[in-house]
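Each remark here refers to the structure printed beneath this line.
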Amino acid sequence: RPPSLAALAATVLLYLVVVQALDAPPGGQNDIHLLHPGPSLALALWIWGGPGLAPALGAGALLGGALAGLSPWAALAEAVGSLVAAGLAKAYLQHRKSFDRDHPNFHVVRHVLLGACGLGAGMGALVTSSTLVLAGELPTPLGLHHFAQWWMGASLGMLLLGPLVLSYRRSFLQARPIQRFDEGLVVWGLTLGVGVLLFGHPPQGILGEIANAYWMFLFISWAGARLGMLSTTGLVCVVGLQALW
């Protein structure tokens, strides 16, 4: 059945809030965007709420571009590219037998890599960059660079944000008793502490030589083996935000 007006309005608002909060270039890197959350959020909400949410996702993307100060053509290119990426990824995932929106699991990672990060993000980047070049918003020599940046940012979002939103959907719909809470606190506490040490105040001397970011995978693997999809995807996002900040 068609979504209610309240659901459409909530979709637009959520899209605006998330994209405005995350889709910003880090300091000192000009207009390079490391993470494009729009396509991944659109993918998760589209899978969650069905095709009836597509107009709200498009409206949210257009409004987000306007609030970011983009020209009308640039905002349109970003919106269309995000919807193309999300739509193709959704079609690909939902045609895989192992994909279940209510039971996200690590078995579908290869489908996310191929269908979302590959097909979806790639076509979304192609549409966005081509539209900007044809509209005169982007010099032709910079088209390939923009394509690569958009594709990488959208792919990272597909890996981080999409699974996280779908995992929370499962938790809302199928509430279960909290398990391994104490262990979860330990993992998250160690992750946050080590992340601050590595990304914020790297140690000096001998410790400084081995204080590399790959140590964070120790905690991600721990969570993946013991704490399940929801906690693991949340932890990956936290580590990513620590590194970005």
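What follows draws every value from the coordinates through simple rules; no lab data is involved. The structure presented is a predicted model; accordingly, all values stated were derived computationally and were not measured. Note that we place each Cβ from the backbone using ideal geometry, even for glycine, and neighbour counts take in every protein chain shown.
Worth pointing out:
- Highest-first packing order for the peptide set 78-88, 233-243 is 78-88, 233-243, based on the mean count of other beta carbon atoms within 10 Å.
- Listed peptides 64-77, 146-159 appear in the order 146-159, 64-77 once ranked by packing, highest mean of other Cβ atoms within 10 Å at the front.
- Counted charge near residue 231, where neighbours are those whose Cβ lies closer than 12 Å (Asp, Glu -1; Lys, Arg +1): +1
- Measuring how big region 30-86 is from its alpha-carbon positions, Rg and Dmax come out at 11.3, 36 Å.
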